[in-house]
Amino acid sequence: MLITMRPGVPKENVEKVIEFVESRGFAAHTIVGEINTVIGAVGEKTIDPRDIELLEGVAEVIRITSSYKLASRTFQPEDTVIEVNGVKFGGDHLGLIAGPCTVESFEQLDKTAAALVKSNVKILRAGAFKPRTSPYAFQGLGEEGLQMLREAADKYSMAVTSEVMEISQIEACEKYVDILQVGARNMQNFNLLRELSKIRKPVMIKRGLAATFEELLMSAEYVLSGGNKQVLLCERGIRTFERVTRNTLDLCAIPVLKKVSHLPVLIDPSHGTGLRDKVAPMSRAAVAAGCDGLIIEVHHEPDKALCDGAQSLYPSQYDTLYNEIKQIAPIVGKTIL
């Protein structure tokens, strides 16, 4: 439920309300606005709203009927804006992330980062732990790859995003990574999500291959409910009957998720299409639809890439796309670096 306090209510009254709901078995999440303080009470137990309304300073109690409480706009009407290395995702902002699919070597990262920084990329992506369908495919370099990624990013004053696959990898990722990414296959790894709720770095959750929007938001709820309010949603394509593209990029995710949730919505056109020549048009379409960010695979030599070279752009192609996006973003009210 959502508890709205009266404007100008003393801090002691707010603390008493929090103490009351917590004593009834609820977790209290507080949002301090310009006018009102709002307390979200989340839990499985029942409580009579009238008992709360009688507390001093309480203006209104609203029940949240959706299964995702903290991710809903009922709980927080204003857009969440997440900032990493000067790049903002959410609200009127459009953030960009780019880099190779996987860490292959420091030389590969260095060359790609050097090219991307010319296109104003401030967040470098690459996987050190790689979930692969085939056990014989390249699985990544692990913590050594994270070290390379961090070193390359620091050289060009960039932040880092990389995927964490299991609980045992969180400590290493937290040491080197600025945005921890949960892949599509782990979207409903609830034990992993619970542990990620305890960290205080942004977590990007990719939509599962056959997941509904509600299921994606429920996964976000796991992270939010543990106290980590920095959650990014990412549409990366779903599995359908179509075989021409790797996945079917569902751009309906942008208006649907943004209507019901305050969390930033990012689009991954690389995995969404699986084809280099489809990445740019789908990126332009995503920006036109109002997405809050793009995460795009770029490799300095994609034809020689160990992983997903066919869906990776050349740096020159990314630079062209970046200049196109800069023209589209203002039309839909978005600011881009």
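Here Rg and Dmax of the Cα atoms in Å was computed from the coordinates, and among (i) 28.4, 125; (ii) 20.9, 68; (iii) 19.6, 61 the match is (ii). Placing unit charges on the Cβ atoms only, positive for Lys and Arg and negative for Asp and Glu, gives the chain a dipole magnitude near 540 debye about its Cα centre. Potential lengthening of the chain between residue 166 and residue 256 amounts to 29.5 nm, from the contour at 0.36 nm per residue minus the alpha-carbon distance. Peptide packing: for 88-94, 190-196, the average count of neighbouring Cβ atoms within 10 Å per residue gives the ranking 88-94, 190-196, highest mean first. An ellipsoid equivalent to region 263-309, defined through the eigenvalues of its Cα gyration tensor, has semi-axes of 22, 11, 8 Å when rounded to whole angstrom and sorted largest first. Relative to the longest principal axis of the chain, what angle (0 to 90°, nearest 10) does the C-alpha long axis of helix 213-225 take? Result, in degrees: 70.
Each residue of region 71-76 was assigned a 3J(HN,Hα) from its phi angle through the Karplus expression (A = 6.51, B = -1.76, C = 1.60, θ = phi - 60°), giving 7, 7, 6, 5, 6, 9 Hz with x at Gly and Pro.
Cα to Cα, under 18 Å, and not fewer than 8 places away if on the same chain: which aspartates and glutamates meet these conditions relative to residue 11? Once the sequence-local aspartates and glutamates are set aside, what remains near residue 11 is 19, 22, 34, 53, 56, 60. Taking a ≥ b ≥ c as the square roots of the eigenvalues of the Cα gyration tensor of region 23-75, is the shape rounded (a/c under 1.5), prolate (a/b larger than b/c) or oblate? Oblate shape, in that a/c is at least 1.5 and b/c is the bigger or equal ratio. Set against the 2.2 N^0.38 Å expectation for a compact globular protein, region 219-317 has a Cα radius of gyration ratio of 1.16.
Treating each Cα of region 55-211 as an identical point scatterer and summing with the Debye formula, the log10 of I(q)/I(0) at q = 0.17 Å⁻¹ comes to -1.05. Couplings for region 48-65, taken from phi via the Karplus curve 6.51 cos²θ - 1.76 cosθ + 1.60 with θ = phi - 60°, read 6, x, 5, 5, 7, 4, 7, 6, 5, x, 7, 9, 7, 10, 10, 7, 9, 7 Hz in order; Gly and Pro are left as x.
With a cut-off of 17 Å on the backbone N, the residues of region 290-306 near the modelled label site 7 Å out from residue 326 along Cα-Cβ are 294. Taking GluC sites (Glu not before Pro) across region 40-139, the ones in a DSSP loop with at most 12 further Cβ atoms lying within 10 angstrom of their Cβ are 44, 56, 78. Put in order of Cβ neighbour count within 10 Å, fewest first, the listed residues 61, 117 become 117, 61. The amide H of residue 262, built 1.01 Å from its N in the peptide plane, has 73 as neighbours under 5 Å, considering only residues 5 or more places off or on other chains. Between residue 209 and any residue 5 or more places off or on another chain, the built amide H atoms are never under 5 Å apart. The phi torsions of region 79-96, fed into the Karplus equation with coefficients 6.51, -1.76 and 1.60 and a -60° offset, translate into couplings of 5, 7, 10, 10, 10, 9, 6, x, 8, 10, 10, x, x, 8, 10, 10, x, 10 Hz, rounded to whole numbers, with Gly and Pro shown as x.
For 102, 80, the sequence from fewest to most other C-beta atoms within 10 Å is 80, 102.
Do the sum for the chain: with -39,500 (n - 2.57) for every DSSP H run of n ≥ 4, divided by all residues, what is the mean residue ellipticity at 222 nm, to the nearest 500 deg cm²/dmol? -9500 deg cm²/dmol, from helical runs alone. Among the GluC sites (Glu not before Pro) in region 165-194, which ones are in a DSSP loop with at most 12 other Cβ atoms within 10 Å of the Cβ? Mind listing them? Passing both the DSSP loop test and the Cβ count: no residue. Based on alpha carbons, the Rg and Dmax found for region 19-141 are 22.7, 65 Å.
Only the coordinates and a few stated rules stand behind these numbers; no lab work does. For clarity, every value in this text was computed on a predicted model and none was experimentally measured. Here the Cβ is made from the backbone with ideal geometry for all residues, glycine too, and neighbour counts use every protein chain on show.
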